[in-house]
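Data first, discussion second: the structure below is written as structure tokens.
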Amino acid sequence: MKLILFGPPGSGKGTQASLLAKKNNIPHLSTGDILRFKLQKDDNFAKELSQIISGGNLVPDSIINPIVADKLLSNDCKNGFILDGYPRNKFQSNFLIDFLEKNNLEIDLIIDFIADTTTVKKRIIERSKIENRSDDNIEVIKTRLDKYFTETQPLASIFKEKFKDKFFEINATQEIAKIQSDIENRLKNA
Ligand code: ADP
């Protein structure tokens with residue numbers, strides 16, 4: 001099963017991706033997690049990444065595109081994947097569409113998590129009390145949401161047009177269990 005998740009920071013993509021990954025035994029490819037893992041190294045690349053991420057800005061496409069391409073071609077993904085946090089801008093989306101076509105990878109479902117700004121801000125603030133992410137503070141949240149609404153959200157209409165009935169919008173302000181069952185029901189007909 002090959003899935004792509006869209007939605008603003010704090011909309012619950014990561015939560016649902018983990019649940020789906022476990023249930024279907026496929027990897028959860030979160031570009032945010034992959035990049036945060038790279039911060040653990042003590043080198044110049046990690047320092048550069050850390051500055052970009054803690055400012056809420058997007059890591060250059062020249063860095064993220066090959067990372068995603070490598071992962072998608074790896075053995076781990078031979079039975080499918082859940083792509084979370086990618087694509088995030090027009091260049092990434094063109095790259096991905098082209099990549100999927102060239103490699104004959106057919107997406108089963110694109111799930112767009114719809115949530116209003118007030119809800120996602122509240123959730124991120126709550127999360128910041130539990131997790132220690134350098135980008136979960138009010139100022140940076142604003143930048144991340146701005147980036148999402150200007151660069152990422154417009155991609156949804158491109159994907160909707162291209163993937164038609166494989167594009168599924170979920171009300172992400174609902175409870176976790178309800179979102180999960182809505183997605184599962186939709187997947188039965190994917
Ligand atoms: P969120 O969706 O909550 O903002 P993520 O964990 O998906 O968090 O991403 C955290 C940060 O990692 C982003 O703000 C950005 O700096 C970087 N990042 C993640 N995915 C991408 C991507 N596809 N392109 C560029 N930067 C990315």
**Q.** Order by protection proxy (mean Cβ within 10 Å, highest first), peptides 62-68, 14-20, 174-180
**A.** 14-20, 62-68, 174-180
Q) Roughly how much of E169 is accessible, in Å² to the nearest 10, using a 1.4 Å probe? A) 90 Å²
Q. By how many nm would the segment from T117 to E175 grow when fully extended, if each residue of separation counts as 0.36 nm and the alpha-carbon distance is taken off?
A. 19.2 nm
Q) Under the classification rounded if a/c is under 1.5, otherwise prolate if a/b is larger than b/c and oblate if not, where does the range 131-189 fall, given a ≥ b ≥ c as square roots of the Cα gyration tensor eigenvalues? A) oblate
Q. How far is the Cα center of the range 11-78 from the Cα center of the range 119-146, in Å?
A. 18 Å
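Over the chain, what is the relative contact order in percent, taking alpha-carbon pairs closer than 8 angstrom and at least six residues apart?
Working: 232 pairs, mean separation 65.9, N = 190.
Worked out over the chain, it gives 35 percent.
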Q: Keeping all protein chains in place, calculate the accessible area per residue for the chain (probe 1.4 angstrom), answer in Å².
A: 55 Å²
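What 222 nm value per residue comes from the helices of the chain, counting each DSSP H run with n ≥ 4 as -39,500 (n - 2.57) and dividing by all residues, nearest 500 deg cm²/dmol? The partial results should precede the final answer.
On the way: 9 runs with 105 residues, N = 190.
Using -39500 (n - 2.57) per qualifying helix, the result is -17000 deg cm²/dmol.
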Q: Stick to Cα atoms and the Kirkwood definition of Rh, then tell me Rg/Rh for the range 1-122.
A: 0.96
Q: Please work out whether the range 38-190 counts as rounded, prolate or oblate from its C-alpha gyration tensor, where a ≥ b ≥ c are the square roots of the eigenvalues and a/c under 1.5 means rounded, while otherwise a/b larger than b/c means prolate and anything else oblate?
A: oblate
Q: Report the paramagnetic label zone for K164: residues of the range 109-136 whose backbone N is under 20 Å from a point 7 Å from Cα along the Cα-to-Cβ axis.
A: 109-112
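What net charge do the residues around K166 carry, taking every other residue with its C-beta under 15 Å from that of K166, with Lys and Arg at +1 and Asp and Glu at -1?
Details: positive: K2, K160, K162, K164, R186, K188; negative: E101, E106, D108, D112, E161, D165, E169.
With Lys, Arg at +1 and Asp, Glu at -1, the neighbours total -1.
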(Q) At a threshold of 8 angstrom on Cα-Cα distance, excluding pairs fewer than six apart, so keeping six or more, what relative contact order does the range 1-74 reach in percent? (A) 16 percent
Q: Arrange the residues L73, L105 by how much accessible surface each exposes, largest first, with a 1.4 angstrom probe.
A: L73, L105
**Q.** Chain lengthening between E101 and K47 when straightened (0.36 nm per residue, less Cα-Cα)
**A.** 16.0 nm
Q: With a 1.4 Å probe and every protein chain kept in, tell me what percent of the accessible surface of the range 72-138 is carbon plus sulfur.
A: 49 percent
Q.
Need one value: the accessible area of D112 in square angstrom, 1.4 angstrom probe, rounded to the nearest 10.
A. 10 Å²
Q. Taking 0.36 nm per residue of separation and subtracting the Cα-Cα distance, what length does fully extending N94 through T143 add?
A. 15.3 nm
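The values are calculated or read from the model by the stated rules, or taken from the named source; none is laboratory data. Values in this document were obtained by computation on a predicted structure and should not be read as measured data. Neighbour counts run over all protein chains shown; Cβ positions are idealised from the backbone, glycine included. Please note that ligands, DNA and RNA were not included when accessible areas were found on the heavy atoms of the full protein model with its side chains. Shrake-Rupley method; radii C 1.70, N 1.55, O 1.52, S 1.80 Å.
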